[in-house]
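Please read the structure below before turning to the comments.
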Amino acid sequence: MIMYDLARKLFPICRSITGDGVRETLDILKSEYKGDMKIYEVPSGTEVFDWTVPKEWNIKDAYIETSSGDRILDFKENNLHVVGYSLPMDKILTLDELKEIIYTQPDQPDVIPYVTSYYKERSGFCMSEIQKCSLKEDQYHCVIDSELKDGSLTYGEIILPGETEQEILLSTYICHPSMANNEVSGPVVTIELAKWLLAIKRRYTYRIIFIPETIGSITYLSRNLETMKKNTVAGFVLSCVGDDRTYSYIESKYADTLTDKLIKNVLSFHYPEYKRYSFLQRGSDERQYNAPGVDLPVCAVCRSKYGEYPEYHTSADDLSLISEEGLQGMLSFMKKCINALEYNYFYKVLCLCEPQLGKRGLYPTISQKGAADATRKMTNFITYADGTNDFIDISNKIGVDTESLIDVVDKLLAGGVIERSCKKTKEGRIDG
């Protein structure tokens, strides 16, 4: 299934931070993946750090009818019409009473806003400002067929073991209803990455999680923090990754992690018009992964950043906003990042002065003006392979993207020209 087809399949599902929509979404992703995805249920009322897992919410139907029986709002036509976590109701309301529980986006009068009330019980409807202004005096029959009860929070986890216990984290959301970029795109790209990772040789272990935003990451960290703090080398939150306007990322708290360095490197070579946002402009689960005491090396990656594009959290974030090209673009970017991480050792040349590449078949045997140009990447790599620079450092220093350097590294390793280590050289010596 191409990614856009999967997005189309997931788009209609009414998802929230708990409930059957989350389970249906995870079941589809699990069937798409074919590998081992574990599904976990955490009971309502469970204490997770300073938070409590909320009651489970499910909804079957909702509508507003005029006194003559005309249905002017229907949840089944657009699930954004109901405030997330709305309590059940079946009431006759006057126009003034109805307007008290209607939410609109006045600065975008033709869209339905996405509104939730997870932690304060209420009921409400959402519609366009244009529709609200068109309502007439009447007696309105307002129905929300929902249920809020003790249940559980559901999340999915894939652990792909590598040659080492050191881990790369990939985290995305399964809690938003029918909005395409935020957040059908994240799970779609992430499950495709999982399929690709399943099929390749892996140096690192990959921890891939599909969670409800905020309460999901807090819950997950409460159960896995010790292992994650010990093993996490780099991490990515994938959100709003399906449009084709730009690429962007949100820095970690101090912008000094391997993840920060890697993302800046890959974007600067392949998408130089990218947008960089400070951690002070955070808003996704990078908040939890960078929280004091958690301090994981995690950045958020997006195409257009959440909160920065006009369709965000409205009905305008529909399937027309994303494309197969946009999804494939983020998939390609993430593959570049992962490949660079897999090769990110410290490299050291094994002889003094320049190695003789010709006898290893790595250099032209005819000396002529311009002949050395073909091997410039290789000789420049060797120049900085002194054991103090990792793969990404060398890429930055010689101005060659990591993807182009992978073949160079493979040839130099096979020719016995360099060795690699997980640590910097100390006093001219490689430490294993």
(message) I'd like the residue in region 116-175 that is among the charged types (D, E, K, R) and assigned to a strand (DSSP E or B) and, out of all such residues, is farthest from the chain's Cα centre (by Cα).
(response) D145
(message) Would you confirm, using the coordinates I've provided, whether K76 is without any contact (Cβ under 8 Å) to a residue 40 or more places away in the chain, in contact with a helix residue (DSSP H, G or I) (Cβ under 7 Å, 6 or more places away or on another chain) and not β-branched (V, I, T)?
(response) no
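Within region 333-354, track down each residue that is in a loop (DSSP other than H, G, I, E, B) and within 15 Å of G387 (Cβ to Cβ).
In the first step, residues of region 333-354 are kept if they are in a loop (DSSP other than H, G, I, E, B); the result is 343-345, 350-354.
Hits for region 333-354 are N344, Y345, L350, C351, L352.
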(message) Tell me whether region 295-309 contains one or more residues that are out of contact with any strand residue (DSSP E or B) (no Cβ under 9 Å at 6 or more places or on another chain), surrounded by fewer than 16 Cβ atoms within 10 Å (Cβ to Cβ) and within 30 Å of N78 (Cα to Cα).
(response) yes
(message) Go through region 1-41 and report how many residues are in contact (Cβ under 8 Å) with a residue 60 or more places away in the chain and in a loop (DSSP other than H, G, I, E, B).
(response) 14
(message) For the condition among the aliphatic types (A, V, I, L, M), surrounded by 22 or more Cβ atoms within 10 Å (Cβ to Cβ), within 33 Å of the chain's Cα centre (by Cα) and closer than 26 Å to F279 by Cα, what is the one hit in L327, L331?
(response) L327
(request) Any residue in region 380-407 that's within 14 Å of A340 (Cβ to Cβ): show its pairings with residues that are assigned to a helix (DSSP H, G or I) and of a type in the set (G, A, S) at Cβ separation under 8 Å, as long as the two are six or more apart or on different chains. (result) F391/A340; I392/A340; S395/A340; D401/S395; T402/A340; T402/S395; E403/A340; L405/S395
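Of the residues L87, L93, which is among the hydrophobic types (A, V, I, L, M, F, W, C), assigned to a loop (DSSP other than H, G, I, E, B), surrounded by fewer than 19 Cβ atoms within 10 Å (Cβ to Cβ) and touching a residue at least 24 places away in the same chain (Cβ under 8 Å)? Reasoning before the result, please.
Details: L93 fails: assigned to a loop (DSSP other than H, G, I, E, B).
Among L87, L93, only L87 is among the hydrophobic types (A, V, I, L, M, F, W, C), assigned to a loop (DSSP other than H, G, I, E, B), surrounded by fewer than 19 Cβ atoms within 10 Å (Cβ to Cβ) and touching a residue at least 24 places away in the same chain (Cβ under 8 Å).
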(request) Within region 220-250, track down each residue that is assigned to a helix (DSSP H, G or I) and within 29 Å of L405 (Cα to Cα). (result) N231
(message) Take the conditions in contact (Cβ under 8 Å) with a residue 12 or more places away in the chain, assigned by TED's automatic domain parsing to the domain that holds D318 and within 19 Å of M330 (Cβ to Cβ) and apply them to I215. Does it pass?
(response) no
(message) Considering only residues that are aliphatic (A, V, I, L, M) and buried (at least 17 other Cβ atoms within 10 Å of the Cβ), which ones fall in region 144-178?
(response) I144, L148, L153, I158, L160, I168, L169, L170, I174
(message) Name the single residue that is surrounded by the fewest Cβ atoms within 10 Å (Cβ to Cβ) among those in region 22-52 being out of contact with any strand residue (DSSP E or B) (no Cβ under 6 Å at 6 or more places or on another chain) and of a type in the set (K, R).
(response) K34
(request) Would you please name the residue that is surrounded by the most Cβ atoms within 10 Å (Cβ to Cβ), looking only at residues in region 334-365 that are more than 29 Å from I168 (Cβ to Cβ) and touching a helix residue (DSSP H, G or I) at 6+ places or on another chain (Cβ under 8 Å)? (result) P355
(request) Sort out which residues of region 98-126 are without any contact (Cβ under 8 Å) to a residue 12 or more places away in the chain and either in the same structural domain as P310 (by TED's automatic domain parsing) or not basic (K, R) (or both), and write them in order of number. (result) E100, D107
(request) Return the total of residues in region 27-64 being of a type in the set (G, A, S) and outside the structural domain of I17 (by TED's automatic domain parsing). (result) 1
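Looking only at residues in region 241-282 that are among the aliphatic types (A, V, I, L, M) and buried (at least 23 other Cβ atoms within 10 Å of the Cβ), which one is nearest to the chain's Cα centre (by Cα)? Please lay out each step first, then the result.
Filtering region 241-282 for residues among the aliphatic types (A, V, I, L, M) gives 241, 250, 255, 258, 262-263, 266-267, 280.
With the extra rule that they be buried (at least 23 other Cβ atoms within 10 Å of the Cβ), the set shrinks to 241, 250, 262-263, 266.
Values: V241: 7, I250: 11, L262: 16, I263: 13, V266: 17 Å.
Here the answer is V241.
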(request) Could you tell me whether region 188-208 includes any residue that is in a helix (DSSP H, G or I), among the polar types (S, T, N, Q) and either touching a residue at least 60 places away in the same chain (Cβ under 8 Å) or outside the structural domain of I158 (by TED's automatic domain parsing) (or both)? (result) no
(message) Looking only at residues that are hydroxyl-bearing (S, T, Y) and assigned to a helix (DSSP H, G or I) in region 251-269, which one is farthest from Y289 (Cα to Cα)?
(response) S268
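The values are calculated or read from the model by the stated rules, or taken from the named source; none is laboratory data. Since we're looking at a predicted model, the values are computed, not measured. Ideal geometry is used to build each Cβ from the backbone, glycine not excepted, and the neighbour counts take in all protein chains shown.
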